[in-house]
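See below for the structure under consideration.
Since every read-out is calculated from the coordinates, none of them should be taken as a lab result. Please read these numbers as outputs of a predicted model, since none were measured by experiment. Heads up, the Cβs are rebuilt from the backbone with ideal geometry, glycines too, and the neighbour counts pull from every protein chain shown.
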């Protein structure tokens, strides 16, 4: 089960990556305790996961409308996430981080508005989101893990959402090919998501682009689904990992091949990631 | 007929009109109307074939990018040649290590690698897809970067920003011209990497800001990035390209 795996792996990663203060450590052990408690009550957990599955969204149709419906769900998720993040006080104020997330939040709100207007009667309803994923995360410091620790989790989720957004939009391009205006609009959102992704990754100390299928330092293994497949180096039969520029310039590392192309997510893969946060 | 030189003039007008959205739309509308007339006059079966009715190749003494999917891919190949050439010059600079800190060197080296890979990809892909690549493959273009001050960090990063933003707008605008879902997906795989580049370069230029996706490039009212037609892009790119070519059959 996705959700179980998600919670367990995050708990492991969270502990391995811990390097914080005593207070942070207490926070993490508290979190671990909560997850163990959750895992040790089979009945309660079963009820919990059943509830989650009952609210899951299904794959959207392979049509222009379906593509935009999936996009709207993902934009709802991002919009609410950043709005709650800005309200929570975990984002350091007065500097780069706040400027970045205010700008991203503005864009996601615009995208929601744009897609609702575009879809009209076909607009899907906003799901109910749980950004704690059943208590595994505390990106808004609602359980008191401290603003610093919460902000790290906020950044982790932001990176996962933006990198997912890039791949999800890309995966819908084929569904939009028959409607040029909608395709163009989706591409115009897609590249904004990529600008966001690059900046969030760089805020976390990573490269702005994805190397192989690496999720990057500090990302819990549960986010691996966001990166699986990014290691592809075969583009229309061409091996991008063996390119060199001869005597014209420095040698080109093999991993640059995967970095130079972002890969799509299928509708089902995108929906599976979104469903982790839908209750 | 909209030849290359005419496009130069048109886009410079748009650039000077800057943020005035109304005049931008007006000029775009005129460009599109003119293109529509051109296509109607020349051909009534424009997008029915994979390689378009006009293959890339020399026409009237100049290489023309052609139309259809192969025309769009050839257009992308020209842009990737430009980016690859620029970053090759940058990473080869004797003062590369002195001009840029280690983070900047890493980013510019990555961009060099990515753009060379994109260029080589299009060369191989087009060679495979063109019916007669020996005459239809766009040759290696020549460039003139004399307007760039290669001893200035800000001049180099400013040029990189312009090239990456232009690349994003070009791919965003070209998507609707592509009829093959495979080619569309390939363009999509590349454009998001160009956007990641643009974001990083913008962030290097102005680190403590929202410039990575600033209001100057992402529409502040609807959150959409730019999308431009080849006739809007080529004059910008063309300011660095000395090899003359035409894009008569692209909008």
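Of interest is the spacing of the C-alpha centroids, which for the stretch B:152-206 and the stretch B:119-138 amounts to 22 Å. In this calculation the C-beta distance from residue B:101 to residue B:58 is compared with R0 = 45 Å, giving a FRET efficiency of 0.50.
The label-point distance for residue B:151 and residue A:147, in a model that sets each label 7 Å from Cα toward Cβ, rounds to 4.7 nm. Once you order the gyration tensor axes a ≥ b ≥ c over the Cα atoms, which shape class does the stretch A:49-127 get: rounded for a/c under 1.5, otherwise prolate or oblate by comparing a/b with b/c? Here the stretch A:49-127 falls in the oblate category. If you take the square roots of the eigenvalues of the alpha-carbon gyration tensor of the stretch B:69-222 and sort them as a ≥ b ≥ c, do you get rounded (a/c under 1.5), prolate (a/b over b/c) or oblate? Oblate, because a/c is 1.5 or more while a/b does not exceed b/c. Measuring from label point to label point, each 7 Å out along Cα→Cβ, what is the residue A:268 to residue B:93 span in nm? In this crude spin-label approximation the distance works out to 5.0 nm.
Between residue B:221 and residue A:125, what is the FRET efficiency for a Förster distance of 22 Å, r being their Cβ-Cβ separation, to the nearest 0.05? That gives a FRET efficiency of 0.35. By definition, a body whose alpha carbon gyration tensor gives a ≥ b ≥ c is oblate when a/c is 1.5 or more and a/b is not larger than b/c, and the stretch A:116-247 fits this oblate description.
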